[in-house]
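Shown next, in structure tokens, is the structure this report addresses.
Every number here is computed from the coordinates shown, using simple stated rules; none is lab data. The structure presented is a predicted model; accordingly, all values stated were derived computationally and were not measured. When we count neighbours, we look across all protein chains shown, and the Cβ atoms used for this are built from the backbone with ideal geometry, even at glycine.
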Amino acid sequence: MKFRFVVGVVAMAALGGAVFAASASAKRDVFKVCKHGCKYSSVQKAVDKVKKGKKSTVKIKPGTYHEGVIFSGHKYDKLIITGTKSPKKTVLNGKNARIQGSPAQNAIDADNVDGLKIKKLWAKNYPTNGFFVHADPGDHCHGFAMVNDWTSFNGSYGQFAKHCTGGKITNGKMWGQGDSGIYIGETPPQKNPKWTDISNNKVYENVLGYSGTNSKYVDIHDSMFYNNGAGVAPNTLESELFQPNAHGKIRNNKIFWNNFNYFLPKSPVQTVGNGGLGNGINYPTGTGVILLGSDGWLVKDNQIFGNFFWGVASFSNPLNKTGKALNENNRIVNNTMGRGGTDTNRFDFFNDGSGKGTCFAGNQSSTFDFQSGNQHPKKFSYPTTCPAPASAGTGGVFGEGNLLQGTGQVGELAAYVASDPPCSQADSWVRHKHPAYQGLTPIDTKNFGNCKK
Amino acid sequence: MRSLIRISIVVALVALVVGALGAVGIASPFAKAKTEKVKVLDDFYKPDNVKIKKNNKVKWKWGQDFNSHNVTLKKGPNGVKKSKFTSQTSSAEGFTFTKKFKKPGKYKFYCTIHPDVMKMTVKVKG
């Protein structure tokens, strides 16, 4: 009796599940794309058939598609664009790709779309971005997902979300980008924030691994950032909305060997624009984590090693006229630095001593970059307890030392980021041979030519 | 020989008509549209105020920039579709976007990536 009852329940559950699955899939319009034999021979043609109010899936069969896909508006909410196999098999290639007679700038450009998912695709060789999801001022792009995608050798960013809330970029590979592999920017402030999940990615050989201008509520974890110019670099710029970048986490990542001197003449990666932040200032290469004008970031439980300049660098940007690019309330805690002394960073930590509240506690093996010419003792710039004592930090955008005289923390920072030519930043690196790690090749062992001075 | 004379007459007549249209201020269908050039830079358009005649063009050209930019119509004359006057987002030096303005009025453009600082106007006279 009991047996029959159980069988009945199991059968009903199975039937119910099947019906549910069928009804769930039936709710979606499916558009199949392939080079030959499908109704649609291009992704754009399939996307153009999406109807408002219908959930749609564009399934792309393996092949190389030379096109740029562009769409705008909430008619496309909850659209899924997916390869059917590994991203290695389904490629959007920017070479000779055109949109309305012009070169296609992005593999997928989605504006004002909620719940967009992009899966199992590889975008490469686009002049601007691989996958680009964004919203106009006053509109939104909630809850995007880029899962198991690859991006390589795109002019600016690999996977780029701007003015969105929530969302995720996971299980991706990003390499060779002229700006950063991953970018989250201009996150609108939220009372009950939806966090953006950046996890399980391999990000390497980009100018920057992660960049995020005025990003917020970003959780970067369980990823590898290596062989980039700099590994992870949230930043604040006045040119974009919603300053500053704030309330982020960088945790449980492996951040190493970020010694890519992309300014050398034979670099395989060309930087976007003139490669800098303007006024002859460039990002500090040879650095694992850069917190530029960052407020309230937690850098925790990471393994950070083999970066030839700094492991983690935190500083303000006094050139930002609004004063909002302020280094404050950042907690750098419980990180393992320098791989037990076998693969050290030149200095594990740099702090310019500006702002308030930035602290360094519980890190395994800490070396602090502390220059002469400072008015205050080391503990002023490097409090080793969190929260930081109120006595530490200048409270303003100018840190320790004298910018004009080139002394102290700010003097060193200014001299390094304004190195002329930029490739000569590497003259300040402390190089060494890296012990083997996961079968990877350190980028500093490759020959990209000599720095012409 | 006769056909050559006919062709010459037709060409002369066309030239006369075109000349006459120009003389009374009517744009000739054969007249080449003028193109105003605008540079797209970090983070501004140069110039940011352009005046053109109806049926002339504006060509935006991207400079050597660090940031990505676009040209997006925020507001235009009634009946003008925003999507027809919106470029791709690009950071590529040398990328261009050209539009012909058939309807007179005021067109306000901005970059959705840098909305606070990148704005411009195109005024089209009838």
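Starting from the Cα gyration tensor of the stretch A:165-445, take the square roots of the eigenvalues, sort them a ≥ b ≥ c, and report rounded, prolate or oblate (rounded when a/c is under 1.5, otherwise prolate if a/b is larger than b/c, else oblate).
Taking the square roots of the gyration eigenvalues as a ≥ b ≥ c, the stretch A:165-445 is rounded.
Sort out for me the Cα centre separation of the stretch B:32-90 from the stretch A:184-245, rounded to whole Å.
30 Å
When only C-alpha pairs under 8 Å and at least 6 residues apart count, what is the relative contact order of chain A, in percent? Don't skip to the end; give the middle numbers.
Details: 1387 pairs, mean separation 36.2, N = 453.
The value is 8 percent.
Given the DSSP H assignment, sum -39500 (n - 2.57) over each helix run of at least 4 residues in chain A and divide by its residue total; what's the result at 222 nm in deg cm²/dmol, nearest 500? Mind showing how you got there, number by number?
On the way: 4 runs with 44 residues, N = 453.
Rounded to the nearest 500, the figure is -3000 deg cm²/dmol.
Which translational diffusion coefficient, to the nearest whole µm²/s, is obtained for the protein assembly as shown from the Stokes-Einstein equation, given a Kirkwood hydrodynamic radius over C-alpha pairs, 4 °C and 1.567 mPa s?
Numbers: Rh = 25.9 Å.
Translational D for this selection: 50 µm²/s.
In whole Hz, with x marking every Gly and Pro, tabulate ³J(HN,Hα) for the stretch A:312-326 from phi via Karplus 6.51 cos²θ - 1.76 cosθ + 1.60, θ = phi - 60°.
Values, residue by residue: 10, 10, 10, 7, 8, 10, x, 7, 6, 5, 7, x, 8, 8, 10 Hz.
Considering only Cα-Cα distances, which of the following residue pairs are longer than 23 Å: B:81/B:106; A:119/B:74; B:59/B:108?
In this structure, A:119/B:74 exceed 23 Å between Cα atoms.
For a quick check: sort A:222, B:65 by the number of other beta carbons within 10 angstrom, fewest at the front.
Working: A:222 14, B:65 22.
The most exposed by this proxy come first: A:222, B:65.
Semi-axes of the equivalent ellipsoid for the stretch A:132-203, please: Cα gyration tensor eigenvalues, times 5, square-rooted, ordered largest first, whole Å.
Working: eigenvalues 94, 37, 15 Å².
For the stretch A:132-203, the ellipsoid semi-axes come out as 22, 14, 9 Å.
Among the lysines, select those whose C-alpha is under 21 Å from the C-alpha of residue A:379, and discard any that sit fewer than 8 residues away in the same chain.
Reachable lysines: A:300, A:356.
I want the local charge near residue A:324. Using Cβ-Cβ distances under 14 Å, sum +1 for each Lys or Arg and -1 for each Asp or Glu among the other residues.
Numbers: positive: A:216, A:321; negative: A:186, A:238, A:240, A:295, A:328, B:116.
Net charge in that neighbourhood comes out at -4.
For a quick check: sort A:419, A:314, A:41 by the number of other beta carbons within 10 angstrom, fewest at the front. Before the final figure, lay out each step's value.
Details: A:419 20, A:314 28, A:41 16.
Fewest-to-most Cβ neighbours within 10 Å comes out as A:41, A:419, A:314.
If you plug each phi of the stretch A:199-208 into the Karplus form 6.51 cos²θ - 1.76 cosθ + 1.60 with θ = phi - 60°, what whole-Hz ³J(HN,Hα) values come out, in order, with x for Gly and Pro?
Coupling constants for the stretch A:199-208: 8, 6, 10, 10, 10, 8, 6, 9, 4, 10 Hz.
Name the residues whose placed amide hydrogens come within less than 5 Å of the amide hydrogen of residue A:145, ignoring near sequence neighbours (fewer than 5 apart) on the same chain.
HN-HN under 5 Å from residue A:145: A:116, A:117, A:118, A:168.
Under 5 Å between amide H atoms, partner at least 5 residues away or on a different chain: which partners does residue A:150 have, H built in plane at 1.01 Å?
Answer set, sorted by chain and number: A:121, A:122, A:123, A:173.
Roughly what percent of Cα-Cα pairs across the stretch A:346-448 reach past 21 Å? It would help to have the intermediate numbers written out before the result.
On the way: 2449 of 5253 pairs.
The calculated P(r) of the stretch A:346-448 puts 47 percent of pairs beyond 21 Å.
Work out the mean other chain Cβ neighbour count within 10 Å for the residues of B:90-99 and drop it here as an integer. Please report the intermediate quantities before stating the final value.
Details: counts 11, 13, 10, 5, 2, 6, 2, 1, 2, 0.
Other-chain Cβ atoms within 10 Å of each residue's Cβ, averaged: 5.
Tabulate in residue order the Karplus-calculated ³J(HN,Hα) for the stretch A:336-349, using 6.51 cos²θ - 1.76 cosθ + 1.60 with θ = phi - 60°, rounded to whole Hz; enter x for Gly and Pro.
9, 9, x, 6, x, x, 8, 8, 7, 8, 3, 10, 5, 9
Would you mind ranking A:82, A:236, A:344 by Cβ crowding within 10 Å, fewest neighbours first?
Values: A:82 17, A:236 27, A:344 20.
Least crowded to most crowded, the residues run A:82, A:344, A:236.
Net charge around residue A:139, counting only other residues with Cβ within less than 11 Å of its Cβ (Lys, Arg = +1; Asp, Glu = -1)? Walk me through the intermediate numbers first.
Working: positive: none; negative: A:111, A:114, A:136.
Net charge in that neighbourhood comes out at -3.
Give me the Kirkwood hydrodynamic radius of the stretch B:33-125 in Å, from all C-alpha pairs, to one decimal place? It would help to have the intermediate numbers written out before the result.
Details: mean 1/r = 0.0772 Å⁻¹.
Radius from the Kirkwood sum: 13.0 Å.
Would you tally the net charge around residue A:229, using a Cβ to Cβ cut-off of less than 13 Å, leaving residue A:229 out, and scoring K and R as +1, D and E as -1? Could the numbers behind the result be given before it?
Working: positive: none; negative: A:179, A:205, A:444.
Residues near residue A:229 contribute -3 overall.
Rg(Cα) of the stretch A:177-314 divided by 2.2 N^0.38 Å?
On the way: Rg = 14.0 Å, N = 138, 2.2 N^0.38 = 14.3 Å.
Rg over 2.2 N^0.38 Å, computed on Cα atoms: 0.98.
In terms of modelled amide H atoms, which long-range or inter-chain residues lie less than 5 Å from the amide H of residue A:65?
A:91, A:92, A:93
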